[in-house]
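Asks: Starting off with a structure, shown below.
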């Protein structure tokens, strides 16, 4: 439910029915939406890190972002922007495809530019907050959502028949997960990590602004590689824990036997962060397999 949601169609849409079907019992969430003659845009967020989230409509444009932008304060100063929506709009106008690469954190968002009849949907560099979409080229209809079930619900609301994607089902049964952008429903795809989806005058295109690569090959020594990795981990940990302090939140961290969890906590301690509450979980003894 939490995340971004939208539908555009040339046919009349029962917006009230969509709202009632998709967005129920939202008392503990931040809910924003904007209805158009041919569609609906919405965002549902937790009531935390609220300055890192936006849903604003002005002059026919809608700017929305959900998540956490770790370098937001720095970007606002560098871009001389008064708030998050002005920053995102400015970055997009300057360079539409790679602009999300400037943001560091876990996020997803969209922009709707009414005069250009253009919708831009984007996710972060590693796709930590997935976005699913359905595009009917023949009927010029687009549905997108952070929630896969919501995409299916909107398809049914618009009269589409939902069919199993057999290739995706075989992937799930064989590998235990999906390959590429496949989902279990025919026609529904997952936006790749580090990508921007552009829907302009009924034409859909996807541009990838970030990709993990092993080229060019690393030629540094093992010691130098270790130092570089340590610096990157320290920077990432500092930015995450500093974001807590920015909002006056207490530090909360997961803790297991994994090396990644222990490494993160060790770096946080080394960087001077204290009063960290850790949590873990375990199965009750009677639930353990014999």
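Bear in mind that the values in this text are calculations on the coordinates, not laboratory data. Note that the coordinates shown come from a computational prediction; the quantities given were computed from them, not determined experimentally. Here Cβ is always computed from backbone atoms with ideal geometry, including for glycine, and neighbour counts include all displayed protein chains.
Asks: Need one number: % antiparallel among DSSP beta bridges in the chain, to the nearest 5.
Replies: Details: 58 of 62 bridges.
So the antiparallel bridges amount to about 95 percent of the total.
Asks: If you don't mind, another one. Where both partners of a DSSP beta bridge lie in segment 166-290, what percent of those bridges are antiparallel, to the nearest 5?
Replies: 60
Asks: Sticking with this structure for a sec: Report Rg(Cα)/(2.2 N^0.38 Å) for segment 142-290, keeping two decimals.
Replies: In units of the globular-protein estimate, segment 142-290 measures up at 1.49.
Asks: Taking the radius of gyration and the Kirkwood hydrodynamic radius from Cα positions alone, what is the Rg/Rh ratio for segment 222-287, to two decimal places?
Replies: Expressed as Rg/Rh, it is 1.08.
Asks: How long are the three semi-axes of the equivalent ellipsoid for segment 69-109, computed from the Cα gyration tensor as the root of 5 times each eigenvalue, in whole Å, largest first?
Replies: Values: eigenvalues 38, 35, 14 Å².
So the three semi-axes of segment 69-109 are 14, 13, 8 Å.
Asks: Once the convex hull of the C-alpha atoms of segment 52-211 is built, how many Å³ does it hold per residue, rounded to a whole number?
Replies: Convex hull of Cα atoms, per residue: 119 Å³.
Asks: Note down the Stokes-Einstein diffusion coefficient of the chain in µm²/s, whole number, using a Kirkwood radius over alpha carbon pairs, 10 °C, and 1.306 mPa s.
Replies: Estimated via Stokes-Einstein, D reaches 75 µm²/s.
Asks: Return 15, 152 ranked ascending by Cβ neighbour count within 10 Å, so the fewest neighbours appear first.
Replies: Taking fewest neighbouring Cβ atoms as first place, the list is 15, 152.
Asks: Can I ask one more? Could you give the nm distance between label points at residue 118 and residue 278, where each point is 7 Å from its Cα heading toward the beta carbon?
Replies: According to this spin-label approximation, the distance is 4.8 nm.
Asks: Would you mind calculating the relative contact order of segment 3-208 from Cα pairs under 8 angstrom and at least 6 residues apart, reporting the percent as a whole number?
Replies: 20
Asks: Across every pair of different alpha-carbon atoms, what Kirkwood hydrodynamic radius in Å does segment 1-123 reach? Let's see the in-between values first.
Replies: Values: mean 1/r = 0.0662 Å⁻¹.
Answer for segment 1-123: a Kirkwood hydrodynamic radius of 15.1 Å.
Asks: As a check on your grasp of the helix formula, calculate [θ] at 222 nm for the chain: sum -39500 (n - 2.57) over DSSP H runs of n ≥ 4, divide by the residue count, round to the nearest 500.
Replies: -9000 deg cm²/dmol
Asks: Moving on. Quick one, can you get me the convex hull of the C-alpha atoms of segment 58-140 expressed as volume per residue in Å³?
Replies: Cα convex hull per residue, to the nearest whole number: 107 Å³.
Asks: For the residues 146, 205, what sequence is obtained by ranking on other C-beta atoms within 10 Å, fewest first? Write down the numbers at each step before the final one.
Replies: Values: 146 20, 205 10.
In order of increasing Cβ crowding within 10 Å: 205, 146.
Asks: Now for a separate question. Using a 7 Å offset from Cα along Cα-Cβ at residue 260, what residues in segment 202-224 end up with backbone N under 19 Å from the label point?
Replies: 211-214
Asks: Now a separate question. Relative contact order for segment 179-290: what is it in percent, counting Cα pairs under 8 Å that are at least 6 residues apart? Before the final figure, lay out the partial values.
Replies: Working: 78 pairs, mean separation 17.4, N = 112.
For segment 179-290, the relative contact order is 16 percent.
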